[in-house]
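Engineer: Attaching a single structure in C-alpha cells format; questions to follow.
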Amino acid sequence: MIALVDYGMGNLRSVEKALQKVGGNVRIVQKASELKGADRLVLPGVGAFGDCMRNLNECGMLGGVRDFIQSGKPFLGICLGYQALFERSEEGAGMQGFGIFRGNVVRFEPGVLKVPQIGWNQIRFQKPDCPLLRGVADGSHVYFVHSYFPRPADAGLVATTTEYATTFASMIWKDNVFACQFHPEKSQAVGLKLLENFVQLRV
C-alpha cells in the first residue's frame, strides 16, 4: 500500500490518480498512525515551505514521515515534499525542514528569467542508475511550477539536473529516498514512467 500524505497542501487527487493509473494501491493518510501497514510513502506539496512544515507538525506527521524514511521503505517527495527534506528554506522565515539531508532551499535569482518557473523543462541524468529513471530518456521534458529549489550539500545525492538561469538539482536519490522538484503527475508519459518505477520498487 502507498501512503499519500494529506496535510492540506498537495494536489492529492492528481497524484492519487497517476499512481493508480500505473498500478499503485493508494491510501490517503492524515495521521502518523495511518502509516502502519504502508510499504511506500509519497509526500506531495504545493505552496510555501513554512506552511508545509507547520501543517505537517500540526497534524502530527513530522515524526511519522521521519520514522518512515528511517525504516528503509521507499519514499517519494514531490515539489514541497522534496524541499522539506533539507535543513531550511529562504522562503520559510527560519522554519526548519526535516534535515534528512544537509543543504538549504534557495530562490531563483530575480531578473534573469521569469520566476516562478512554470512549464516544461529538461532533466539531465547525473545518476543514470537511479531506479526511477529506468526506461526514461536523458533529456526528457517534465513539468515544473516553483520559485525555490534545494541546493544539496552533497552533490552525490543529485540524480538529475535542470537548467533555468542556473543549474539546479531537479531530482535526488539516496538509498530508499527519492525526491523531485518537478511534478511527475503532470509530466505525462515520462512522469507516469517515473511513478510506475516507484510503484514497482522491491521492498
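The values are calculated or read from the model by the stated rules, or taken from the named source; none is laboratory data. All figures in this text were calculated on a predicted structure; none of them were measured in a lab. Please note: Cβ atoms are built from the backbone with ideal geometry, for glycine as well, and neighbour counts cover all protein chains shown. These accessible areas exclude ligands, DNA and RNA; they are computed on the full protein's heavy atoms, side chains included. Shrake-Rupley method; radii C 1.70, N 1.55, O 1.52, S 1.80 Å.
Engineer: If you go through region 163-193, how many residues are surrounded by fewer than 16 Cβ atoms within 10 Å (Cβ to Cβ) and among the β-branched types (V, I, T)?
Structural biologist: Number satisfying all stated conditions: 2.
Engineer: Being assigned to a loop (DSSP other than H, G, I, E, B) and farther than 30 Å from R107 by Cα is the requirement here; does G60 meet it? Don't jump to the end; show me each part of the working.
Structural biologist: Numbers: assigned to a loop (DSSP other than H, G, I, E, B): yes; farther than 30 Å from R107 by Cα: no.
For G60, the condition - assigned to a loop (DSSP other than H, G, I, E, B) and farther than 30 Å from R107 by Cα - is not met.
Engineer: Going residue by residue through region 18-28, is there one that turns out to be of a type in the set (V, I, T) and open to solvent by less than 10 Å² (accessible area, probe 1.4 Å)?
Structural biologist: We begin by selecting, within region 18-28, every residue of a type in the set (V, I, T); these are 22, 26, 28.
Filter again for open to solvent by less than 10 Å² (accessible area, probe 1.4 Å), leaving none.
So far as region 18-28 goes, no, none of its residues is of a type in the set (V, I, T) and open to solvent by less than 10 Å² (accessible area, probe 1.4 Å).
This table checks each residue for (1) without any contact (Cβ under 8 Å) to a residue 60 or more places away in the chain; (2) in a strand (DSSP E or B); (3) under 25 Å from S14 (Cβ atoms).
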site: G139; (1), (2), (3): yes, no, yes
site: V142; (1), (2), (3): yes, yes, yes
site: P150; (1), (2), (3): no, yes, yes
site: T167; (1), (2), (3): yes, yes, no
site: W173; (1), (2), (3): yes, yes, yes
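Engineer: I would also like to ask the following. With surrounded by 13 or more Cβ atoms within 10 Å (Cβ to Cβ) and part of a helix (DSSP H, G or I) as the only criterion, which of I69, I100 stands out? Can you show your working first?
Structural biologist: Numbers: I100 fails: part of a helix (DSSP H, G or I).
Checking each option against the conditions leaves just I69.
Engineer: Shifting gears a bit: Just one of the numbered conditions (1) closer than 27 Å to D39 by Cα; (2) within 14 Å of the chain's Cα centre (by Cα) is not true of V105; which one?
Structural biologist: (1)
Engineer: What number goes with the only condition from (1) over 13 Å from the mean Cα position of the chain (by Cα); (2) of a type outside the set (S, T, Y); (3) surrounded by 23 or more Cβ atoms within 10 Å (Cβ to Cβ); (4) not in a helix (DSSP H, G or I) that G8 does not pass?
Structural biologist: (3)
Engineer: Please verify whether region 127-136 includes one or more residues that are in contact with a strand residue (DSSP E or B) (Cβ under 7 Å, 6 or more places away or on another chain), in a strand (DSSP E or B) and buried (at least 16 other Cβ atoms within 10 Å of the Cβ).
Structural biologist: no
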